[in-house]
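Each value in this text was obtained by applying a stated rule to the coordinates, not by laboratory testing. Because the structure is a prediction, the values reported are computed rather than measured. Cβ coordinates were reconstructed from backbone atoms using ideal geometry, including for glycine residues, and neighbour counts include every protein chain displayed.
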Amino acid sequence: MSKAGALDLASGLGGKIDKTEVLSAVEKYEKYHVFYGGEEEERKANYTDMVNKYYDLVTSFYEFGWGESFHFAARWKGESLKESIKRHEHFLALQLGLKPGHKVLDVGCGIGGPLREIARFSSTSVTGLNNNEYQITRGKELNRIAGVEKTCDFVKADFMKMPFPDNSFDAVYAIEATCHAPDAYGCYKEIYRVLKAGQCFAAYEWCMTDAFDPNNAEHQKIKAEIEIGDGLPDIRLTRQCLEALKQAGFEVIWEKDLAIDSPLPWYLPLDKNHFSLSSFRLTALGRFFTRNMVKALEFVGFAPKGSQRVQDFLEKAAEGLVEGGKKEIFTPMYFFLARKPLSDSQ
C-alpha cells in the first residue's frame, strides 16, 4: 500500500486547484449534489467539472487510505486487503486474455495503481486515460518509481470523446471508473470504437442492484451519500449497464455481481464494527485520527481551508457505501466481459 504520510496528504490536498481556492471548489462541488439542492441533470451536464473537482479534492485522501489502487475487491478469508486488490486486478487481466505485446487501454485510470500491476502481471503496454491533470502528474511519477514508464503512459482526455483512432487497442478495461460517465451508452460506444474487432472489454461497475427501491427514502439517502462522496452524476442499475453494452454493439460473454459470492463483505474495510491493523487508516479509529489530523493541519495552515469539508463528504460516502452493501442495494463490482464482434455492422 502507499507510504503516503500526513505531510504528503496535506501537500497534495486540492490537487491542481490553487490552495487559496480549495474551499470555494469544495462549495461548488457540494452544490452539484442532492444534499445541497443539486439536480441529476445538472450533474450530468457538468460532469467534467464535477468529476475533476472531485478528484483534485480527494486523491490525496484516497492514496493516504487505500494506496495506489482506488477500488474495492471481493475478498477471501485470511486474505489481506492489499492481496485482494491485486487478485481483483489479476482476475480482470486473465478474463481479457492479455498476452505479452498487447496494447491495452485503462479507461479512468486514477493514479495508475491497477495499470502498473496489470502491465507487470501480463507483460503488456497499458495506456491510462484520465481527464484529471493532478492524477496524471502523480501517476507519471509513480510509473517512474516503479520502472514502467517505457510500457505505461497516460493520456489526458474525456472518455466520452477519446483521442484515439478506431480499432486502436487489443483490450480495454475499466475499474470502478465509467460510473462517472453521464451516459453509459455513450461511454461504452466510444470504448467499442477504439477496441479492435474480435477483442474484449471488461469492467467492474458501480451499480444499484435490483433490490434498490427508488420509492424508499432510506434507499434514496444512501444513493445520494454515495453520489456526493464519490463524484457521481447518477448510479445506474446493473440491468441498465447491461442494456447499454448491448446497445453499443457488444456481445456480452458473461456478467455477474461479484459481491454476491464474496466470502468477506467488500465494504468490510469501511465498516465501523471492523478493525484491522493492516488497513488501519480505513477503520473507524483510523478515520477518527485522520479527521482530527486534517483538522489540525488545516488549523495551522499546512492543509488548505476546506480540507475538513472534503473529509466530511468522504465520511458520508463511507456511511452510504457500508449501508448500501449491507442492504445489498449497491455493488461496486458488477463485472462484465464483452466482445466487439469480428464483423462490425454498427
Problem - chymotrypsin sites (Phe, Trp or Tyr not before Pro), loop per DSSP, at most 15 other Cβ atoms within 10 Å - longest free stretch of the chain - result: 77-274
Problem - Restricting the range 149-192 to GluC sites (Glu not before Pro) in coil, as DSSP defines it, with at most 14 other Cβ within 10 Å - result: Glu149
Problem - Anisotropy class of the range 101-231 from Cα gyration tensor, a/c 1.5 cut - result: prolate
Exercise for the section: For Ser168 and Ser24, compute 0.36 nm times the residue count separating them, minus their Cα-Cα distance, and round to one decimal in nm. Expected result: 47.8 nm
Problem - Net +/- balance of residues flanking His219 in space, Cβ distance below 15 Å, scoring K and R +1, D and E -1 - result: -4
Completion exercise
The answer for the net charge of residues other than Cys179 whose Cβ lies under 11 angstrom from its Cβ, with Lys and Arg +1 and Asp and Glu -1, is -4
Problem - Binned Cα-Cα distances of the range 157-255, short to long, each 10 Å bin given as a whole percent - result: 15, 46, 28, 10, 1
Practice task
Could you tell me the largest-minus-smallest coordinate of the C-alpha atoms of the range 284-339 on each of the three principal axes, in descending order and whole angstroms?
Solution key: 52, 29, 16
Completion exercise
By the Cα gyration tensor axes a ≥ b ≥ c (a/c under 1.5 gives rounded; else a/b larger than b/c gives prolate, otherwise oblate), the shape of the chain is rounded
Handout entry: Residue pairs, from the table Lys246/Lys327; Lys140/Lys340; Lys99/Lys196, whose Cα atoms sit over 26 Å apart
Key = Lys246/Lys327; Lys140/Lys340
Handout entry: Shape call, the range 19-129: gyration tensor on alpha carbons, a/c limit 1.5
Key = prolate
Practice task
Would you mind counting up the charge near Asp257? Only other residues with Cβ under 12 Å from its Cβ, with Lys and Arg at +1 and Asp and Glu at -1.
Solution key: -3
Practice task
Report the full-extension gain for the segment Lys326 to Trp254: residue separation times 0.36 nm, less the Cα-Cα distance, to one decimal in nm.
Solution key: 23.4 nm
Problem - Listed residue pairs exceeding 21 Å between alpha carbons, taken from Lys189/Lys223; Lys156/Lys189; Lys31/Lys316 - result: Lys189/Lys223
Problem - Lys196/Phe302 FRET efficiency (R0 41 Å; Cβ-Cβ; nearest 0.05) - result: 0.25
Exercise for the section: May I ask you to compute the full-extension gain from Phe288 to Thr48, defined as 0.36 nm times their residue separation minus their alpha-carbon distance, rounded to one decimal in nm? Expected result: 83.3 nm
